[in-house]
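J.: Take this structure first; my questions come after.
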Amino acid sequence: MESIRMIALDLDGTLLASDHETLSQQNRTALEKASARGIEIVVATGRSVSAIAPQVMELPFLRYFITGNGSTVTLRNGTPTYQRLIPAEIARPLVEHLTAEGGYLTQLYANGRMFISQKDWDLGHSTQLMPHHLRALALGPHGIVPDLLDCLKEQGGEAEKINIPYIEAEQKEALCQWVQQRFSGKLRAVSSLPWNLELNHADACKGGALLALCEQLKISPEACIAFGDADNDIEMLQAAGVGVAMGNAGPTVKASADMVTLTNDESGVAAALGCLLGLEY
């Protein structure tokens, strides 16, 4: 195996415990020791930068963040170094359909932030949102907005990702069919959780973003270890020299990986790094 120079980590269901917030001491120690060896540690998440768990952002060695399912690679200060955004001519009719015609609870990701309409918030949908979503929406004055279409325009018209959380299986299937008919080949639909649907630019994926970052840093993809548990991680696991699926991952994800580790609640990241790099944690 080529000497490892980068570790790319999904967050929810992977690095973090099932509460979507806790970074175990075992995982923290393993990453600290890997960083001390000069290995680049990279977060690769479907979240926006503003929604990354505080315990993760506290890690001082993190320099690069793959966010929005690979739509963006940013520096710690939020400066993008790579982007594959949903263009305005697609984002606007898509948001219009979801909010007006479809009536779906819709989250807009743009410029490193996540937005939700005041209408959805007032209807009580916010009580279903995970704590990290609530915190992200509460940051600054623009997380909860009067109108999502107006917000999209104010943010420049392009979107990093559009997320439809808490969608029933039949609704998801119908919406995927509508997206395919209306925007054939122009959007990518993935799920990081069984009950959500995430829409990105057709070329946005964690694997593509990882390859772009490797090129920027002059690191061979073969020198990377990638960890993930969900469908939106598959391309990243396949792009890396070593793809590691979590024990809690589904069968398709496990089949795409080179090895399977313990679950996220069992500090599976630390366990795999212990085996692959000989790290004590």
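J.: I'm checking my understanding of the structure. Among residues of segment 31-66 that are assigned to a helix (DSSP H, G or I) and touching a Gly at 6+ places or on another chain (Cβ under 7 Å), which one is farthest from Ala204 (Cα to Cα)?
T.: Ser50
J.: Give just the number: which of (1) crowded, with 21+ Cβ neighbours inside 10 Å; (2) assigned by TED's automatic domain parsing to the domain that holds Ala226; (3) in contact with a helix residue (DSSP H, G or I) (Cβ under 8 Å, 6 or more places away or on another chain) does Asp12 not satisfy?
T.: Against the list (1) crowded, with 21+ Cβ neighbours inside 10 Å; (2) assigned by TED's automatic domain parsing to the domain that holds Ala226; (3) in contact with a helix residue (DSSP H, G or I) (Cβ under 8 Å, 6 or more places away or on another chain), Asp12 comes up short only on (3).
J.: Moving on. State all residues of segment 164-190 that are touching a strand residue (DSSP E or B) at 6+ places or on another chain (Cβ under 6 Å) and small (Gly, Ala, Ser); if no residue qualifies, say none.
T.: Across segment 164-190, the qualifying residue is only Ala189.
J.: Now for a separate question. If Val253 satisfies every condition in (1) part of a helix (DSSP H, G or I); (2) surrounded by 24 or more Cβ atoms within 10 Å (Cβ to Cβ); (3) within 19 Å of the chain's Cα centre (by Cα); (4) not polar (S, T, N, Q) but one, which is the exception?
T.: (2)
J.: Please work out which one of (1) within 22 Å of Ile4 (Cα to Cα); (2) in contact (Cβ under 8 Å) with a residue 24 or more places away in the chain; (3) among the small types (Gly, Ala, Ser) is the condition Ala159 fails and give its number.
T.: Going through (1) within 22 Å of Ile4 (Cα to Cα); (2) in contact (Cβ under 8 Å) with a residue 24 or more places away in the chain; (3) among the small types (Gly, Ala, Ser) one by one, Ala159 breaks only (1).
J.: Restricting to segment 84-97, give me the number of residues that are within 17 Å of Glu173 (Cα to Cα) and buried (at least 22 other Cβ atoms within 10 Å of the Cβ). Working first, answer last.
T.: First, pick out the residues of segment 84-97 that are within 17 Å of Glu173 (Cα to Cα): 94, 97.
Still in the list and also buried (at least 22 other Cβ atoms within 10 Å of the Cβ): 94.
Total satisfying the criteria: 1.
J.: What are the pairs with Cβ atoms under 8 angstrom where one residue, in segment 30-41, is surrounded by fewer than 21 Cβ atoms within 10 Å (Cβ to Cβ) and the other, located anywhere, is among the small types (Gly, Ala, Ser) and modelled with pLDDT of 95 or more? Sequence gap at least six, or different chains.
T.: That search, which allows pairs on different chains as well, returns Ile41/Ala34; Ile41/Ser35.
The values are calculated or read from the model by the stated rules, or taken from the named source; none is laboratory data. Note that the structure is predicted; figures quoted are calculated from it, not measured. We place every Cβ from the backbone using ideal geometry, glycine too, and count neighbours over all the protein chains shown.
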